[in-house]
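Comments concern the structure below.
The values are calculated or read from the model by the stated rules, or taken from the named source; none is laboratory data. What you see is a predicted model, and the numbers here were worked out from it, not measured in a lab. Here the Cβ positions follow ideal geometry from the backbone for every residue, glycine too, while neighbour counts run over all protein chains shown. Surface accessibility is based on the protein's heavy atoms, side chains included, excluding ligands, DNA and RNA. Shrake-Rupley method; radii C 1.70, N 1.55, O 1.52, S 1.80 Å.
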Amino acid sequence: MNEATTPFGRRPLSLAVVASQAAAKAFVQAAGEAPAVTHKWRLFRAATEAKARLGVGDRTLSVLYALLSFHPETALTPPPREDAARAALTVFPSNRELSLRAHGMAPATLRRHLAALIEAGLILRRDSANGKRFARRGADGDVAEAFGFDLTPLVMRAAEIERLAGEARAEARARALAREKITLLRRDVAKMIETGLTEGVPGDWAGLSQQLAQLVAEPLRLLTAEQTASRGAALAALAEAARKLLESFVSRQNMSANESHNERHIQNQITNAFDSEPRLRCVGAAALETKSATHAPDPEPESGAKLEPDFDSMPAEADTTGRGRAFPLGMVLSACPDISDFAPGGISRWRDLQDAAEVARAALGVSPDAWAQAREVLGADDAAAAVAAILQRGPDISSPGGYLRALTAKARAGEFSLGPLLMALLRGKAGRERRRAG
């Protein structure tokens, strides 16, 4: 029987087609008595996954799907005889039927994608003398000869297509993992930068933010595998830099807290007598100005003597950060009695006042950053006293956090002392008591 190896009409014969024909012939001859069996739809799925490596597109694959649908069996099995193999794996649909099964594809487009399948080495064309597609049956009713599209190359390359599909799946999985890593790193870096800026952590957060913006400017879907890996490495380095800044700051804060705890322990053993309630005596306005801190108190609302703490018999104390205390604990509690509501166990030492101030500042809406700066500049004890004074003033202060920041800024510039604030609260308290008495 004559073999149809050249295309009908003016279509040229390419070397790629010759190579495919030779490979298909060798494959059929090598099949012998143990032909390969291939599940056509499983193979089509693999071809779809490996389409980029096979050099075909989506619409070309839709034409291959239509061709496979014309094969009556699910399994593609070339029989051991060469001629029968060609007939068994050759489909011969008309152009109209093939177009319908290819979702109404136009004839010119259909011809273009059929040529792409042939060039990709997935099918062969077996043209008759007049270019028509048909089959001749033998005396037993089986197809003895067929002219159309031979699927032998697809079966021949089944193992290769499965391997290419596995590589494509592995690459897609690696790309998805890389993109997920980039997404997580981008989120981590953004949140660490936000924390650094919010909490006032020292560092070049503006520079880190600019680097992050540059790294995420181009969408991930436009990046190659190499560019994706490079971006992931850059984001990992950026995240490490931001993490080191935060961890270093936290380490310093913990070390400072431990040192303060040790200092408080020693202070409580040696000078706890100074934390007791001071005795009260009658003093004049001029004496109060002499005994207070660097700034004089506000003018007296009323003349005459009043009840105030006696500082003459009290030596200067040091707070838990080593700064000198100008005012004893009893005076602070006398001026700011409301702070005791935040200490269920009572306030008998400065540590108790600090704990109560920590709760009160959260209730007042003072941010952790403002509180940390106040403790750093004023000292732990004076910062607690300042919060107690802010709490005592209540609705007179619309923004407790902003007020505390303003006090901290003045103290940093050497323009603030707790004296006037506490004295004003004591005078107000004494005035209220006189009005109730009178």
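General remarks:
- In sequence order, segment 203-218 has phi-based couplings of x, 7, 5, 5, x, 5, 5, 5, 4, 4, 4, 5, 6, 9, 5, 8 Hz under the Karplus curve 6.51 cos²θ - 1.76 cosθ + 1.60, θ = phi - 60°, and Gly or Pro positions carry x.
- Each peptide in 333-344, 237-248 receives the mean, over its residues, of other Cβ atoms within 10 Å, and ordering these scores from highest gives 333-344, 237-248.
- Classified by the C-alpha gyration tensor, segment 343-438 has a prolate form. Its axis ratio a/c, with a ≥ b ≥ c, is 1.5 or above, and a/b is larger than b/c.
- Considering only alpha-carbon pairs that sit under 8 angstrom and 6 or more positions apart, the relative contact order computed for segment 340-409 is 32 percent.
- Among V377, V332, the order of accessible area from largest down is V377, V332, computed with a 1.4 Å probe on protein heavy atoms.
- Computed packing ranks the peptides 63-76, 93-106, 117-130 as 117-130, 63-76, 93-106, most packed first, by mean other Cβ atoms within 10 Å.
- Cα gyration tensor shape of segment 129-194, rounded if a/c is under 1.5, else prolate or oblate by comparing a/b with b/c: prolate
- Packing-based order for 426-434, 380-388, using average beta carbon neighbours within 10 Å, highest first: 380-388, 426-434
- Shape of segment 90-178, Cα gyration tensor, a/c cut at 1.5: prolate
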